[in-house]
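The values are calculated or read from the model by the stated rules, or taken from the named source; none is laboratory data. Just so it is clear, the structure is predicted and the values come from calculations on it, not from any experiment. Here Cβ is always computed from backbone atoms with ideal geometry, including for glycine, and neighbour counts include all displayed protein chains.
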Amino acid sequence: MKKGSGSDPFAESEPASEPEPDTNENEGEDEDETDSETEGTHRDEPGKRDAETNSNARPDEDEDAETESAELETTFDETASTDDSKATASGQQSSEREASVESEQNSSETETGAQTQSRSQNAIVDEPPQAGAADGGVPWVYVRDNVKQDREMVQFYLRDYMVDAEDEFVDAVSDELGTDVSKTDVREAAYEAAMYNVEDVVERLEAWGFESRD
Amino acid sequence: MLTYTTYSEAGGVGKTTVGAALLEAHAAHGLDVLAIDMDQQNGSLTYLLDVDAPRDDSQADNIVRHLIDRPKGSLEDLVFETEHGFDLLPSHNMLENLEDLLNRAQRMADDLGEGDEFDPYDRLRQVLMDAGIPQEYDVIVIDPPATAGPHLYNAVSATRSLVIPVEPTGKGMQSVIGLEELVDGLEERLEAEIGVLSAVPNGVGRTTDQERYLEEVRERGYPAPVALRERSSLFEGCWDQQCTPAHYVETHRSRTRDHEMETLEKIDQLAGRIEEVGGL
Ligand SMILES: Nc1ncnc2c1ncn2[C@@H]1O[C@H](COP(=O)(O)OP(=O)(O)O)[C@@H](O)[C@H]1O
Ligand SMILES: [Mg+2]
């Protein structure tokens, strides 16, 4: 075998002169706008992006995040508001009722945690057990063999509008991050982020119709 | 002229996806390009390129009828123009029975005393040549199914060069080691010299080191100009929208994404390199 091209399969069919293709003059080149386009859409300097992701700024307080994920927010908000009414209007199933009792308790408990907002003291979730990019250690994503390693499967029940938004969410995150990231990673990160934003979570639950007991 | 089959021992490594991306890039380089879909399965190139060919009408003329020497029209009439600047000879459900049909054709040829001229693994090359197809194109790329058999043998015999997407895992790398033997086997069977134009580590994840895979492949002497990263959003988007990657980014992305542009540039580079190695 050859490393390179093999023999010419049509050698016999083109005895003397193969008609020279006249399209061979790189007509395509000016169509190739990829370079210039890439330069046109500059992303933020890495430093700035870091600051954004590290701060717990809510999207609507953060102009940059708003423009960056405008697409996502509109689709998401629309479906959210229409589905809100549906959810509260239609009778909830008993399993959902059980869950609602639970989350009511949780939300009243955690409200105080969120109010203090000092996550070092009152963090609901611990630091991830694996070394992070900031430590000297090798970050988890570099040592794990696959996306499911060290993870437990938990079932999540989502309404359609959330399921529909997920792919776009993963896209938006991948895009901001500059590399594709799996839905599994995004889900965990999103859930972790939410644990630092109890207020946000509470707001949504209230919008769905959960009311405080007092 | 440049002819190659996208080949990999396993399925799902990206033959069709990478093939479509390369076809688009060759066409963008101003070349006259023909794709031939030899995969009978539904997730084939014909589907990806959204070509609406009558794949389940066995009365209609199709590539298999030509391969078994029972054509109903000229081969050129079976060629579709895609929206992506290149042509496609589409797949057909009759490909599912290619092996049986070729055997039967062989028997009929034997009965007629023409058995020696009928080579069931060299039919595609013969048919293309008879139709004058090689004179009309600069590049012919064939997308075969993953399983070894008459589809693959016909594809390789008609192109004699391979572009090999490689899964960037231990298993994928094992298959690179076994490649030499495998190609030797094909050469013996087809009695032709077969070349490897490029190996392409495809789907390299964030967690894996693409340089390492490129090195490993190059150490074995295979041209490997680029590794393609894991880009599920881009490539799944292509399958969803049924189009090629540059077309997808242009048409279905509201704004460009740097990491996707980088992948498109790599594909362009790979296509250029393959053209060079192939002597264009
Ligand atoms: N670089 C990549 N990153 C992410 N997904 C990919 C990549 N290359 C291919 N895929 C996906 O892998 C799947 C299988 O690809 P396909 O081209 O059909 O493989 P094959 O033709 O070898 O069977 C497709 O869903 C495709 O979107
Ligand atoms: Mg395929």
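Does B:P134 satisfy the criteria of being within 16 Å of ligand 2 (Cβ to nearest atom) and either modelled with pLDDT of 95 or more or aliphatic (A, V, I, L, M) (or both)?
Working: within 16 Å of ligand 2 (Cβ to nearest atom): no; either modelled with pLDDT of 95 or more or aliphatic (A, V, I, L, M) (or both): yes.
Taking the combined requirement at face value, the residue does not satisfy it.
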Practice task
Could you grab the pairs with beta carbons closer than 8 Å, sequence gap of 6+ or different chains, first residue in the range B:157-185 and farther than 15 Å from B:G195 by Cβ and assigned to a helix (DSSP H, G or I), second one away from ligand 1 (no atom under 16 Å from the Cβ) and modelled with pLDDT of 85 or more?
Solution key: B:M173/B:E216; B:V176/B:E216; B:V176/B:R220; B:V176/B:Y222; B:I177/B:R220
Practice task
Go through the range B:215-266 and give me each residue that's over 23 Å from A:A172 (Cα atoms), in a helix (DSSP H, G or I) and of a type in the set (A, V, I, L, M).
Solution key: B:V217
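Go through the range B:1-35 and give me each residue that's hydrophobic (A, V, I, L, M, F, W, C) and more than 14 Å from ligand 1 (Cβ to nearest atom). Don't jump to the end; show me each part of the working.
Looking only at the range B:1-35, we keep the residues that are hydrophobic (A, V, I, L, M, F, W, C), and these are B:1-2, B:10, B:13, B:18, B:20-23, B:25, B:27-28, B:31, B:33-35.
Result: B:M1, B:L2, B:A25, B:A27, B:A28, B:L31, B:V33, B:L34.
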Problem - Pairs with Cβ under 8 Å, 6+ apart, first in the range B:16-45 and free of Cβ contacts under 8 Å to residues at least 24 places away in the same chain, second more than 10 Å from ligand 2 (Cβ to nearest atom) and part of a helix (DSSP H, G or I) - result: B:G30/A:E27; B:G30/A:G28; B:G30/A:E29
Practice task
Enumerate the pairs (first residue in the range B:231-250 and touching a residue at least 60 places away in the same chain (Cβ under 8 Å); second residue anywhere and more than 16 Å from ligand 2 (Cβ to nearest atom) and of a type in the set (A, V, I, L, M, F, W, C)) with beta-carbon separation below 8 Å, excluding pairs fewer than 6 apart on the same chain, so at least 6 apart or on different chains.
Solution key: B:P245/B:L234; B:P245/B:L264; B:P245/B:I267; B:A246/B:A25; B:A246/B:A28; B:A246/B:L264; B:A246/B:I267
Exercise for the section: Select from the range B:197-253 the residues that are among the aromatic types (F, W, Y) and within 13 Å of ligand 1 (Cβ to nearest atom) and write down the one among them that is surrounded by the fewest Cβ atoms within 10 Å (Cβ to Cβ). Expected result: B:W239
Handout entry: Yes/no for B:E188 being touching a residue at least 12 places away in the same chain (Cβ under 8 Å), of a type in the set (D, E, K, R) and surrounded by fewer than 19 Cβ atoms within 10 Å (Cβ to Cβ)
Key = no
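Scan the range B:22-30 and tell me whether some residue there is of a type in the set (D, E, K, R) and away from chain A (no Cβ under 14 Å).
Pass one, the range B:22-30, residues of a type in the set (D, E, K, R): B:24.
So of that shortlist, the ones also away from chain A (no Cβ under 14 Å) come out as none.
No, the range B:22-30 has no match at all.
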Practice task
Please go through the range B:1-35 and pick out each residue that is away from ligand 2 (no atom under 13 Å from the Cβ) and assigned to a strand (DSSP E or B).
Solution key: B:L2, B:T3, B:Y4, B:V33, B:L34
Practice task
Answer yes if at least one residue in the range B:53-74 is crowded, with 19+ Cβ neighbours inside 10 Å, within 16 Å of ligand 1 (Cβ to nearest atom) and assigned to a helix (DSSP H, G or I), and no otherwise.
Solution key: no
Handout entry: Filter pass, B:P145 being within 16 Å of ligand 1 (Cβ to nearest atom), touching a Pro at 6+ places or on another chain (Cβ under 6 Å) and in a loop (DSSP other than H, G, I, E, B)
Key = no
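Yes or no: B:Q59 farther than 17 Å from B:E81 by Cα and near ligand 2 (Cβ under 10 Å from one of its atoms)?
Working: farther than 17 Å from B:E81 by Cα: yes; near ligand 2 (Cβ under 10 Å from one of its atoms): no.
No: the conditions fail for B:Q59.
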